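None of the figures in this text is laboratory data; all of them are computed from the coordinates on show. It should be emphasised that the depicted structure is a prediction, and the values quoted were computed from it without experimental measurement. Positions of Cβ are generated from backbone atoms using ideal geometry, with glycine treated the same way; all protein chains shown enter the neighbour counts.
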Amino acid sequence: MTARVLDGKAVAATVREEVTARVAALGFVPGLATVLVGDDPASHVYVRNKRRAAEQVGIRSIHHELPAEVSQAELESLIESLNRDPDVHAILVQLPLPEGLDSQAVTARIDPAKDADGLHPTNLGLLVLDRPGLRPCTPSGVMRILEHHGIETRGRRAVIVGRSFLVGRPLALMLSSRGVDATVTVAHSRTADLATVTAEADILVAAVGSPGLIGADHVKPGATVIDVGINRTEAGLVGDVDFEAVRRVASAITPVPGGVGPMTVAMLMHNTVSAAERLGSG
Ligand code: NDP
């Protein structure tokens, strides 16, 4: 068997089209504020991509760059001013923040109505309650890939490797929500006999940050494998899944790059227009 490759770029393009139409229907230009602290090269690349994507769909990008030495109070005060700014409909603080800064406190400062990343405790709470709210971008991107490609979730066994608040845990809630109806297991670094656990999955999601962790032995024949991992190696950008080995066992697999990554950016645009629709022109 050679797995079908689930092209995240194509799904992201359809999300961007939807967002472009919704932006045009607003009657005003929505604003996405990006806040970048310090000089982590990967964070700079991510923010540049997000700003470019915003401009492409008609969202104004308002960028703030702060030195790594910025104080917690200064950073939080910038967030407060963006909360008050009627031209800003969504706020993204690029994570991780440099050492010494409390990212959870910063995230909690963001007005939940402008929480572009969907990581404010209020929005995470709404996710737990299965009520509408701004959802974390990467897990909602994974859900869109599954939906777009018609991957059945109801009654299926899903295993997520990784339990971060950014990816694994919110994705577990989404996959187990009513209407999606997967039976979900969350594995992590203390999971005993990982391969036995993952081999039960009809849908296997790797969100770890460990190149090639998931090999053919971890995968049930015919499973759908979603690789969230992004690892910079000498061989270039790779995921957590050994793509060449696993594609011979799985029935569908996302590539890295070109899988979940573009979806994360597309869902950020989706959240920004959703926030603008709710907030109005101010
Ligand atoms: P975290 O470091 O926050 O979480 C990693 C998780 O993997 C933890 O739960 C950890 O377990 C678990 N883990 C670590 N080693 C193992 C192991 N050997 N076996 C099983 N589980 C293990 O990472 P993130 O969730 O933030 O990101 C995960 C990956 O996804 C990274 O590569 C990141 O770059 C990528 N990413 C990609 C995005 C995209 O758009 N495609 C967006 C966000 C992230 P424990 O909790 O026990 O420590």
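Observations
- Straight-line cross-link partners of Lys220 among the lysines, defined as a Cα under 29 Å from its Cα and at least 8 positions apart when in the same chain: Lys9.
- Shown in residue order for segment 18-34 are the 3J(HN,Hα) couplings computed by the Karplus curve 6.51 cos²θ - 1.76 cosθ + 1.60 at θ = phi - 60°: 4, 5, 4, 5, 5, 5, 4, 7, 5, x, 8, 8, x, x, 10, 8, 10 Hz (x for Gly and Pro).
- Theoretical FRET efficiency, 1/(1+(r/R0)^6), r = Cβ-Cβ of Glu55 and Glu99, R0 30 Å, to 0.05: 0.40
- Rounded to the nearest 10 degrees, the inclination of helix 41-57 to the longest alpha-carbon principal axis of the chain is 70 degrees.
- Principal-axis analysis of the Cα atoms of the chain puts helix 260-279 at an angle of about 40° to the longest axis.
- About the centre of its Cα atoms, segment 88-211 shows a dipole size close to 180 debye [charges on the beta carbon of Lys, Arg (+1) and Asp, Glu (-1) only; nearest 20 debye].
- Within the same chain, lysines fewer than 8 places from Lys114 are excluded, and of the rest, those with a Cα less than 21 Å from its Cα are Lys50.
- Size of charge dipole - segment 224-282 - debye, nearest 20, with Cβ of Lys, Arg +1 and Asp, Glu -1, no other charges: 160 debye
- Placed amide H near Gly58: partners under 5 Å, 5+ positions off or other chain: none
- Given charges at Cβ of Lys, Arg, Asp, Glu: segment 1-48 dipole, positive-most of Phe28, Pro41, Ala10: Ala10
- FRET efficiency, Arg232 to Phe165 (Cβ-Cβ, R0 22 Å, nearest 0.05): 0.45
- Beta bridges by DSSP in the chain, antiparallel share as percent, to the nearest 5: 10 percent
- Residues in segment 138-150 carry Karplus couplings, in order, of 5, x, 5, x, 4, 4, 5, 4, 4, 4, 4, 8, x Hz; the curve used is 6.51 cos²θ - 1.76 cosθ + 1.60 with θ = phi - 60°, and Gly or Pro positions show x.
- Backbone phi angles across segment 64-79, fed through the Karplus curve with coefficients 6.51, -1.76 and 1.60 (θ = phi - 60°), yield HN-Hα couplings of 10, 10, 10, x, 4, 7, 4, 7, 4, 5, 5, 5, 5, 6, 4, 4 Hz in residue order; Gly and Pro are listed as x.
- Structure-based [θ]222 nm, the chain - -39500 (n - 2.57) summed over DSSP H runs of at least 4, per residue, nearest 500: -12000 deg cm²/dmol
- Restricting segment 193-282 to trypsin sites (Lys or Arg not before Pro) that sit in a DSSP loop and have at most 16 other Cβ atoms within 10 Å of their own Cβ leaves Arg248.
- Rough spin-label spacing in nm, given labels placed 7 Å along Cα→Cβ, for His64 and Ala21: 3.5 nm
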